[in-house]
């Protein structure tokens, strides 16, 4: 039989790869569309509530996008979009909502406490940890730099 | 010496399969005994559904063989989930000895070999070999939640939702299979010690459960008398006999990509096939069917490449059951995998062909990748294993 190294080379050369062009274009279009929808929602909020500050508009916009991501996950549509778009639907905030809601739905059967609450962050956990650590570091540096 | 030659014939009495809807649309869709219309079968979780499929595959196979559950000496089986939970939970419904086996997707091969050795040695008369897997329960254990919007890599395989059971016996089977009715599959189990309230609930759910199952076209009697593919009206011209096999070795050539199981398993399949031909003195030309488990399309090509390096060319009838399981339109990339993959194909498609005498001698090589969710994270590579067993058809 082949040597380890020889076999690993054979596999890495011959294993089927993702079609780069198609996946990149799909991710670009879908990711861009999701961001456009977010911007559109922001503009609509601004039109309705003229006195709202830009910061508040951004918060409301994120909330609505998170809600939409969760809703489409619950309806079983977001994973179909994800199969097609890949990174395009994972990177925006809707993808983050999907990564929290999908384990919550999956582990619903083990009960609320040890199921939903315990397993909800199995996928999104690292993102939250890195987010908290990064904001702490930036805040720390910012405090002394100011 | 890893190759076994049985001294006494071990007959295959019957085979029974239950699969999910996606599998029913696949290439072997007409051959299964039961195709479910949904993949949860009125249960609260996919794990419970897998357990029920497993239990009812065993029930169906025992019934089809014309036996009672008391006639079975040992239940042997396994699946992919932690601590073999579906198999163990299914086994509590049977008043028989139970041996749980695990060799990942090659569990079926392991069960067939161990069972036929036990029967050959005279320790048991009737043994059931069953395995099951479920796409949704396996996905949750090994990969990500179902609704997560991630992309599957092109080397990924689709875990088969299916359970199958073979009844091995030292006695010759009858020429006609027993008819299995819906009521035999979904029946109230007298051995279950449950209170009246649960029993009432159970009775109510039976009709609902029946609506979900879809007895395969080939098993429906009305008006099809004499039709060739009619399983229960057909008089089998041959019976299938397990004659031996080769036990597998764990082979690791350092593949660490858990999304590319085919590449991890192909060297093990190659090793087992080479050993089998070397130790038995047979050549690929002595067989008229060679089946590997669930290498997938890439794994199948890798196996062909590995064997060609050793000077063995696999003949044109060689088939990988995983690669052939689904149609290309079903977008499973590499094809089917899982403990139920080779089992459901063997107990439906291959067994029927053996009983018609279309195959004289076949070699079945179920393959398995031995990993759990944590080993790749701990930088372990993925070893593979493959067991081979030979089945011959003998005229009645």
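What follows is calculated from the coordinates using simple rules that are stated; it is not laboratory data. Keep in mind that this is a model prediction, so the values were computed, not measured. Here Cβ is always computed from backbone atoms with ideal geometry, including for glycine, and neighbour counts include all displayed protein chains.
By the count of neighbouring beta-carbon atoms within 10 Å, fewest first, B:310, A:39 end up ordered A:39, B:310. In this label model, residue B:327 and residue A:110 are separated by 3.8 nm, measuring between points 7 Å along each Cα→Cβ vector. Starting from the Cα of residue B:143, step 7 Å toward the Cβ, then list every residue of the range B:311-344 with an amide N under 19 Å from that point. Answer for this model: B:321-342. Calculated FRET efficiency, residue A:117 and residue B:377, Cβ-Cβ r, R0 30 Å, to nearest 0.05? For R0 = 30 Å, the calculated efficiency reads 0.80. Okay, which of the range B:270-284 sit inside 12 Å, backbone N to the point 7 Å along the Cα-Cβ direction of residue B:361? Output list for this probe position: B:277, B:280-284. Remark: the residue A:52-residue A:24 segment gains 6.4 nm on full extension, using 0.36 nm per residue and subtracting the alpha carbon distance. Stretching the chain fully between residue B:123 and residue B:44 yields a gain of 24.5 nm (0.36 nm per residue, less the alpha carbon separation).
Classify the range A:23-120 as rounded, prolate or oblate, taking a ≥ b ≥ c as the square roots of the eigenvalues of its Cα gyration tensor: rounded when a/c is under 1.5, otherwise prolate if a/b is larger than b/c and oblate if not. It comes out oblate by the Cα gyration axes. Please say if the range B:78-131 is rounded, prolate or oblate, where rounded means a/c under 1.5 for a ≥ b ≥ c the square roots of the C-alpha gyration tensor eigenvalues, and otherwise the choice is prolate for a/b larger than b/c and oblate otherwise? Oblate, because a/c is 1.5 or more while a/b does not exceed b/c. Considering chain A as a Gaussian network with a 10 Å cut-off on Cα pairs, which listed residue, A:102, A:89, A:18, attains the greatest mean-square fluctuation? Comparing A:102, A:89, A:18 in a Gaussian network model of chain A, the most mobile one is A:18. Under 17 Å from a label point set 7 Å out along the Cα-to-Cβ vector of residue A:9, the amide N atoms of the range B:284-328 belong to B:306, B:309.
Here r is the Cβ-Cβ distance between residue A:128 and residue B:179 and R0 is 56 Å; the resulting FRET efficiency, rounded to 0.05, is 0.45. Ranking of B:325, B:317 by neighbouring Cβ atoms within 10 Å, starting from the fewest: B:317, B:325. Taking Cα pairs under 8 Å and at least six residues apart, what relative contact order does chain A come out at, in percent? The normalised contact order for chain A reaches 20 percent. In plain terms, the chain from residue B:196 to residue B:172 could stretch by 4.5 nm, reckoned as 0.36 nm per residue minus the Cα-Cα distance. Entry note, chain B: relative contact order of 25 percent, from Cα contacts under 8 Å with a spacing of 6+ residues. When chain B is modelled as a GNM with alpha-carbon springs shorter than 10 Å, which of B:384, B:335, B:281 fluctuates the most? Among B:384, B:335, B:281, the largest mean-square fluctuation in the Gaussian network model of chain B belongs to B:281. With both labels modelled 7 Å from their Cα along Cα-to-Cβ, the residue B:301 to residue A:138 distance reads 4.5 nm. Find the centroid of the Cα atoms in the range A:1-50 and in the range B:58-99, then give the distance between the two in whole Å. Value for the Cα centre distance between the two parts: 45 Å. For the options B:377, B:307, B:36, a Gaussian network treatment of chain B with springs between C-alpha atoms closer than 10 Å singles out B:377 as fluctuating the most.
Is the shape of the range B:17-79 best called rounded, prolate or oblate, per the rule: a/c under 1.5 gives rounded, else a/b larger than b/c gives prolate, else oblate, with a ≥ b ≥ c the square roots of the Cα gyration tensor eigenvalues? Taking the square roots of the gyration eigenvalues as a ≥ b ≥ c, the range B:17-79 is oblate.
Put in order of Cβ neighbour count within 10 Å, fewest first, the listed residues A:137, B:282 become A:137, B:282. The C-alpha atoms of chain A define a longest principal axis, and helix A:93-106 lies at about 70 degrees to it.
Each of residue B:309 and residue A:146 was given a label point 7 Å from its Cα along the Cα-to-Cβ line. The distance between the two points is 6.3 nm. I'd like the distance between the alpha-carbon centres of the range B:281-327 and the range B:112-160, rounded to an integer number of Å. Rounded to whole Å, the Cα centres lie 20 Å apart.
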